[in-house]
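**Q** Okay, handing you the structure first.
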Amino acid sequence: MIDLVSELERITGTRDVVVGADLRARAASSMNVESHRAIALVRPQSTEELSEIMALCNKRGQAVVIQGGLTGLVDGALAGADELAISLERMNKIESVDAAGRTITAMAGATIQTVQRAASEHDLLFGVDWGARGSATIGGSISANAGGNAVLRYGMMREQVLGLEVVLADGTVMSMMNSLIKNNTGYDLKHLFIGSEGTLGIVTRAVLRLRPTPRSVQTALIAADDFSDVVALLGSLDAGLAGGLSAFEVMWQEHYEMIVKEGGHRRVLPDGYPYYVVIEATGSNAEADAVKFEAALGDAMEAKIIVDAALCSSTSQRQKVWKIREDVDTFMRVLDPPIPFDVSVPIRDMEEYVSKVYADMKSTFPRARGTVFGHLGDNNLHFCWTVGSNAPETVEAVSKVIYSKLTPYVGSVSAEHGIGLAKRKYLKYSRSCEEIEWMKRLKQVFDPDDLLNPGRIFDANCCE
């Protein structure tokens, strides 16, 4: 180990190789309170340094775990005692913004918020967003194909990526730094690395697509009495706003009331409604867009598919609504120890699926308390449960309840957080054995010695 550390220090300098007490003092992951267990942590400052590090690790057969902002929830960046952690935190520069071409080139360690701010300086918008924007990095978000609050309008991370630079397991640098929206020249290899959770290569730089900054933002919190009304509202607004709907975030009653009461938020709408929906639309003409937005909600009120609504007339009111939706800390604290889930279900099946999960959880775990909310417009639901314990066997039992109920609906065990280490056992609920076999074959092609994030996504007995 001493020999490895000295070789790493030769590449990056002593300051960027973290060992001993300094390493143990660092966070291991966003969900894990244990000390960092890695052999060491190295922080390259450039693609060239990272390439040299991987060439060294390839020669020595040293497994590595890639770390970004540590905001993941599936232990994908949690390094074991025999693994080297590679943090891209120092590769965090915004390299350029092409205002005419509407692209931004950023290093993998730049945060989502940093990219958003750089785009806004040119009156442009980076189209993905979520609560951890200040910590989540571009590289990690690409590797997980992250989603967030604006998927309905702009798509997931995959839709934002035009080009990539990747370092492979043997240190080879693969440059695919395309900046063109249209480029049909053979296989578009970047898509292999988007969503592969660092198991095929390490994303180092990216060319990202930007959009025009909306001139108006219309936000409202509405209440509905029935899930069928929520679904009808989604269809009505999507059509009535002519593609302007950018967010449709649903909170079940227990979730809304928990966040407001326990999180100290001022109520925007009264308690007691079965469903609360954060609606946001963007456009190019503030006055005309406001009229259209109010008319669409008025039509929904007249049709009795919503029973109450609060329209935001200022930025501060809009922020109050979004703070309720994005307050993760409160439900993770109240539902302690928390067992969170991130699943996808067809919209038509959501109500039935949620009802079955609640019924089974309550009968299986008498102390169970749960909450559910989600990006309903793109099929994504987030559960958080507490049953009095988060011991591994308990988490597995709860997970089986959540995931096994997805099968009849052809749902996904991971909508936007990936598989990592935490969901390997359950991949079979969402992917066929044939798909998993070909995933393993791709892994063999790019990383035959299993050095990059080993054991993530699938395990040896995945289909047995």
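The values are calculated or read from the model by the stated rules, or taken from the named source; none is laboratory data. No experiment lies behind these values; they were computed from the predicted model shown. Neighbour counts are summed over all protein chains in view; Cβ atoms, including those assigned to glycine, are modelled from backbone coordinates with ideal geometry. When the accessible area is computed, the model is the full protein with side chains, heavy atoms only, and any ligands, DNA or RNA have been set aside. Shrake-Rupley method; radii C 1.70, N 1.55, O 1.52, S 1.80 Å.
**Q** Keeping to region 111-129, report how many residues are in a loop (DSSP other than H, G, I, E, B) and open to solvent by less than 60 Å² (accessible area, probe 1.4 Å).
**A** 4
**Q** Just checking, which of ILE86, ILE66, ILE39, ILE11 is in contact with a helix residue (DSSP H, G or I) (Cβ under 9 Å, 6 or more places away or on another chain) and open to solvent by less than 10 Å² (accessible area, probe 1.4 Å)?
**A** ILE86
**Q** Quick test for you: out of ALA288, ALA239, ALA232, ALA309, pick the one residue that is out of contact with any Asp or Glu (no Cβ under 8 Å at 6 or more places or on another chain), surrounded by fewer than 20 Cβ atoms within 10 Å (Cβ to Cβ) and under 28 Å from GLN116 (Cα atoms).
**A** ALA288
**Q** For residues that are hydrophobic (A, V, I, L, M, F, W, C) and closer than 25 Å to VAL167 by Cα, scanning just region 28-50, find the one that is modelled with the lowest pLDDT.
**A** Among residues in region 28-50 that are hydrophobic (A, V, I, L, M, F, W, C) and closer than 25 Å to VAL167 by Cα, the one modelled with the lowest pLDDT is ALA28.
**Q** Okay, next question. Give region 242-282 a look and list any residue that's of a type outside the set (Val, Ile, Thr), open to solvent by 40 Å² or more (accessible area, probe 1.4 Å) and touching a strand residue (DSSP E or B) at 6+ places or on another chain (Cβ under 6 Å), or say none.
**A** GLU254, TYR273
**Q** Same structure, new question: Would you pick out the residues in region 385-406 that are in a helix (DSSP H, G or I), of a type in the set (A, V, I, L, M) and closer than 27 Å to VAL278 by Cα?
**A** ILE402
Residues are listed down the side, and each one gets a yes or a no for (1) under 30 Å from ILE53 (Cα atoms); (2) small (Gly, Ala, Ser); (3) under 24 Å from the mean Cα position of the chain (by Cα):
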| position | (1), (2), (3) |
| --- | --- |
| SER414 | no, yes, yes |
| ILE419 | yes, no, yes |
| SER432 | no, yes, yes |
| LEU442 | yes, no, yes |
| VAL445 | yes, no, no |
| ASP459 | yes, no, yes |
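**Q** Could we say that ASP459 is surrounded by fewer than 19 Cβ atoms within 10 Å (Cβ to Cβ), in a loop (DSSP other than H, G, I, E, B) and free of Cβ contacts under 8 Å to residues at least 40 places away in the same chain here?
**A** yes
**Q** Filter region 373-384 down to the residues that are assigned to a strand (DSSP E or B) and farther than 13 Å from PRO338 by Cα, then identify the one that is farthest from the chain's Cα centre (by Cα).
**A** PHE373
**Q** May I pose another question? Tell me which residues, restricted to region 406-427, are charged (D, E, K, R) and open to solvent by 50 Å² or more (accessible area, probe 1.4 Å).
**A** Result: ARG424, LYS425.
**Q** Do we find that ILE53 is surrounded by fewer than 22 Cβ atoms within 10 Å (Cβ to Cβ) and either among the β-branched types (Val, Ile, Thr) or modelled with pLDDT of 95 or more (or both) in this structure?
**A** So ILE53 does not fit the description; no.
**Q** Name the single residue, out of those in region 175-209 being free of Cβ contacts under 8 Å to residues at least 24 places away in the same chain, polar (S, T, N, Q) and more than 21 Å from ARG90 (Cα to Cα), that is most open to solvent (accessible area, probe 1.4 Å).
**A** ASN184
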